[in-house]
1. Working carefully through the options Val315, Val258, find the one that is out of contact with any Cys (no Cβ under 8 Å at 6 or more places or on another chain) and farther than 25 Å from Ala28 by Cα.
2. So which residues in region 87-98 are at pLDDT 95 or above and either among the small types (Gly, Ala, Ser) or more than 9 Å from the ligand (Cβ to nearest atom) (or both)?
3. Pick from Val168, Val158, Val204: which is in a helix (DSSP H, G or I), surrounded by 22 or more Cβ atoms within 10 Å (Cβ to Cβ) and not basic (Lys, Arg)?
4. Quick one: is Lys234 over 16 Å from the mean Cα position of the chain (by Cα), of a type in the set (D, E, K, R), assigned to a helix (DSSP H, G or I) and at pLDDT 95 or above?
5. Do you know which of the residues in region 23-46 that are under 21 Å from Ala131 (Cβ atoms) and surrounded by fewer than 16 Cβ atoms within 10 Å (Cβ to Cβ) is nearest to the ligand (Cβ to nearest atom)?
6. For residues that are more than 13 Å from the ligand (Cβ to nearest atom) and acidic (Asp, Glu), scanning just region 113-138, find the one that is farthest from Leu27 (Cα to Cα).
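The values are calculated or read from the model by the stated rules, or taken from the named source; none is laboratory data. It should be emphasised that the depicted structure is a prediction, and the values quoted were computed from it without experimental measurement. Backbone-built Cβ (ideal geometry, glycine too); neighbour counts: all protein chains shown.
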Amino acid sequence: MGGPGPDTVRDMRALITGIAGQDGSYLAGQLAMAGYEVYGMLRGQRHPKAEWLQELVPELHLVQGDLLDQSSLINVLKETEPQVIFNLGALTYVGMSWQQPALMTEVTGLGVLRLLEAIRMINPDIRLVHASSSEQFGSSAPPQDETTRFWPRSPYGVAKLMAHHTVVNYRESYGMFASTAIMFNHTSPRRGLEFVERKITNTVAWIHAGRHTQLRLGNLDSYRDWGWAPDYVKGLRLIAEHSDPDDFVLATGEMHSVRELVQKVFDWHKLPVEQFLVHDPALERPADVEALCGNYGKAERLLGWQPTLRFEQIVEELTVHDWQVLA
Ligand code: NAP
């Protein structure tokens, strides 16, 4: 298999798409610490997070490109000459995917096809690690692993599955080093407030501060496997440095309901959940995923990867963070 192996990561050049997202910023920091030269691709003319990123990871080089624009990807690859690309760029909010399904498919589904074509054209030895998602499993019963049937339940899940199959197809068709990390939900204080765990920890902090009166949520009985984002980006690096391209589930192996998460956060604030929680049917999705819980045995066996933080600690980290920001 072409490209650099695990002993040659020093002086490696990595390109990250989706650099301004939760995972991109953590990954840039970890790669810089490990000795990589790191490039991050930002879209738009003047990205609001460019300055923040540059302060966070001073060694980071920022370049402009968009997964919707094939020529911009070719130019970015020519300019940065990466040996490894981490494709994290995507529209990532499941709820939004019902409102703009075609845009979701263009960016999240077709984006990686454009990137793979650019890699094939510029340098087929570039390694690619692509961020796949547990949403691809949808209605398949847990625990889910790399052999579980995919059965997505949203335009986001369908777009992610298309991207996943495209990566596997290019690996098999052209012998490219193209891997996927099938990541289950992972979070941190850098996760957007539209995602349910951040919405809960942030809104309850505001209720505690007397600035909000309600927490409105849709389905409380969906079960998810929540992990800690820095653990997952470490997994992405290990996948890039592994001897062979492959698909790996990254998860914690535990699942908890949204209801349980809500209760824990209200308990931490010593507030009565029944006084503030409002079930809002308008927030329910046309189709939902009931239960996701990953088996990360393959990543543990082949990469030595394990999650370090579990549900209880993660909820506490987020709750304390969102309260300290307000207090
Ligand atoms: P995120 O915070 O939403 O970041 C996604 C990034 O993609 C954003 O910085 C966004 O740029 C960028 N992007 C959007 N459209 C783009 C385009 N047309 N061209 C280039 N970049 C574009 O997501 P994340 O949580 O870091 O997740 C990283 C990856 O892992 C995503 O592919 C996601 O689907 C996947 N994943 C995440 C989870 C999770 O629980 N976090 C679980 C499974 C899989 P702007 O800043 O300009 O909007």
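1. Of the residues listed, the single one that is out of contact with any Cys (no Cβ under 8 Å at 6 or more places or on another chain) and farther than 25 Å from Ala28 by Cα is Val258.
2. Within region 87-98, Gly89, Ala90 meet the criteria.
3. Exactly one of Val168, Val158, Val204 is in a helix (DSSP H, G or I), surrounded by 22 or more Cβ atoms within 10 Å (Cβ to Cβ) and not basic (Lys, Arg), namely Val204.
4. no
5. It comes out as Gly44.
6. Glu117
Residue-by-condition table, conditions (1) within 16 Å of the ligand (Cβ to nearest atom); (2) closer than 19 Å to Arg310 by Cβ; (3) without any contact (Cβ under 8 Å) to a residue 24 or more places away in the chain; (4) surrounded by 17 or more Cβ atoms within 10 Å (Cβ to Cβ):
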site: Asn185; (1), (2), (3), (4): yes, yes, no, yes
site: Leu220; (1), (2), (3), (4): no, no, no, no
site: Asp231; (1), (2), (3), (4): yes, yes, no, yes
site: His242; (1), (2), (3), (4): no, no, no, yes
site: Leu250; (1), (2), (3), (4): yes, yes, no, yes
site: His256; (1), (2), (3), (4): yes, yes, no, yes
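Each row is one residue, and each column tells you yes or no for (1) within 19 Å of the chain's Cα centre (by Cα); (2) within 25 Å of Ala20 (Cα to Cα).
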| site | (1), (2) |
| --- | --- |
| Gln99 | no, yes |
| Ala102 | no, yes |
| Leu115 | yes, yes |
| Arg127 | yes, yes |
| Ser132 | yes, yes |
| Gly138 | yes, no |
| Phe150 | yes, no |
| Pro155 | yes, yes |
| Val158 | yes, yes |
